[in-house]
């Protein structure tokens, strides 16, 4: 009897491990097929010259040298990278800053705050392609909703997506409208974890909203801020769908909306206006993007985690 019990106790962990492995196999297969294998392939192809879509010969770091140091490829690379930096800074200031204030307004329980939580998050569930087409129609210079509203107050609106000075900002605004709800709810969840006694004690000490936000709430929601900052950075440097739908693959007008995602796709697979494609250079760009995003995210995550402990 005791031997059977011992045998069952030793077999149970093995069966449990096998069952867990069986449940994880589909997810592991999908990750391997669509994430790990493309990453390994891109790393390999970055060191080859291509004849169409077939690697022809090993050329070492030549593709990396071209996209970083040889004109006009280097100019396109740094132009697209600079636009990604602008996107990141804009989203950090305007999207996450607005989300912080909206989350605080929802925390205060103003009239209708329940329905406003749904309204704020509703655009997030929409497809990026739908949002891009929607705002492309809104910003149309002739029959767009935005210029129509400006005409009511006798203001002649510009061609938002056809002007180099306004195109990138217009696409960033559409992205903010699309994703504002996500950082809002993440920050709101962090604020709701703060003890009500802490807020009440600060109020009794005479703290207004500004002091409460700066001295109490901001330090205590550091984990939520870390999540929002890291995801904003990754999303900013993987930007593709909305600029592709609203401005096209070439980053028009005049490359003012070109970002690394568009430049990589255009280089690897060509475009309607440019039939030239170089899968080797495209793979080199993909590898550089991955190294930069992963490296910067790792450093930023360690810094922000250390800040959480200090606060």
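When the residues of the stretch 29-53 are narrowed to those that are within 13 Å of residue 281 (Cα to Cα) and loosely packed, with under 12 Cβ neighbours inside 10 Å, which ends up farthest from the chain's Cα centre (by Cα)? Restricting to residues being within 13 Å of residue 281 (Cα to Cα) and loosely packed, with under 12 Cβ neighbours inside 10 Å, the top hit is 51. For first residues located in the stretch 230-248 and at negative phi and in the same structural domain as residue 297 (by TED's automatic domain parsing), partners that are outside any helix (DSSP H, G or I) and crowded, with 20+ Cβ neighbours inside 10 Å and lie 6+ apart or on another chain with Cβ distances below 6 Å form the pairs 239/259; 243/257; 243/259; 247/257. Look at residue 258 and say whether it is crowded, with 17+ Cβ neighbours inside 10 Å, in contact (Cβ under 8 Å) with a residue 24 or more places away in the chain and touching a strand residue (DSSP E or B) at 6+ places or on another chain (Cβ under 8 Å). It is false that residue 258 is crowded, with 17+ Cβ neighbours inside 10 Å, in contact (Cβ under 8 Å) with a residue 24 or more places away in the chain and touching a strand residue (DSSP E or B) at 6+ places or on another chain (Cβ under 8 Å). Among the candidates 266, 305, the residue that is exposed (fewer than 14 other Cβ atoms within 10 Å of the Cβ), in contact with a helix residue (DSSP H, G or I) (Cβ under 9 Å, 6 or more places away or on another chain) and not in a loop (DSSP other than H, G, I, E, B) is uniquely 305.
Among the conditions (1) modelled with pLDDT of 80 or more; (2) surrounded by 10 or more Cβ atoms within 10 Å (Cβ to Cβ); (3) outside the structural domain of residue 78 (by TED's automatic domain parsing), the only one that residue 26 does not satisfy is (2).
State all residues of the stretch 42-64 that are part of a helix (DSSP H, G or I), modelled with pLDDT of 85 or more and within 18 Å of residue 290 (Cβ to Cβ); if no residue qualifies, say none. Spell out the reasoning first.
Just the residues of the stretch 42-64 that are part of a helix (DSSP H, G or I), to begin with: 42-45, 62-64.
Filter once more, keeping what is modelled with pLDDT of 85 or more: 43-45, 62-64.
43, 44, 45, 63, 64 - these are the residues of the stretch 42-64 that are part of a helix (DSSP H, G or I), modelled with pLDDT of 85 or more and within 18 Å of residue 290 (Cβ to Cβ).
This table checks each residue for (1) outside any helix (DSSP H, G or I); (2) surrounded by fewer than 18 Cβ atoms within 10 Å (Cβ to Cβ).
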residue	(1), (2)
165	yes, yes
173	no, no
189	no, yes
198	no, yes
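Among the conditions (1) out of contact with any helix residue (DSSP H, G or I) (no Cβ under 9 Å at 6 or more places or on another chain); (2) closer than 20 Å to residue 87 by Cα, the only one that residue 244 does not satisfy is (1).
Per-residue answers, yes or no, for (1) within 21 Å of the chain's Cα centre (by Cα); (2) within 30 Å of residue 284 (Cα to Cα):
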residue	(1), (2)
76	no, yes
129	yes, yes
138	no, no
144	no, no
164	no, yes
181	yes, no
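Where helices (runs of 4 or more DSSP H) sit wholly within the stretch 83-163, those with at least 1 residues that are at pLDDT 90 or above and surrounded by 15 or more Cβ atoms within 10 Å (Cβ to Cβ) occupy 96-107, 128-138, 145-152. Does residue 206 count as assigned by TED's automatic domain parsing to the domain that holds residue 126 and not in a helix (DSSP H, G or I)? Yes, satisfied.
The values are calculated or read from the model by the stated rules, or taken from the named source; none is laboratory data. For clarity, every value in this text was computed on a predicted model and none was experimentally measured. Don't worry about glycine lacking a Cβ; one is built from the backbone with ideal geometry, like all the others, and counts go over all protein chains shown.
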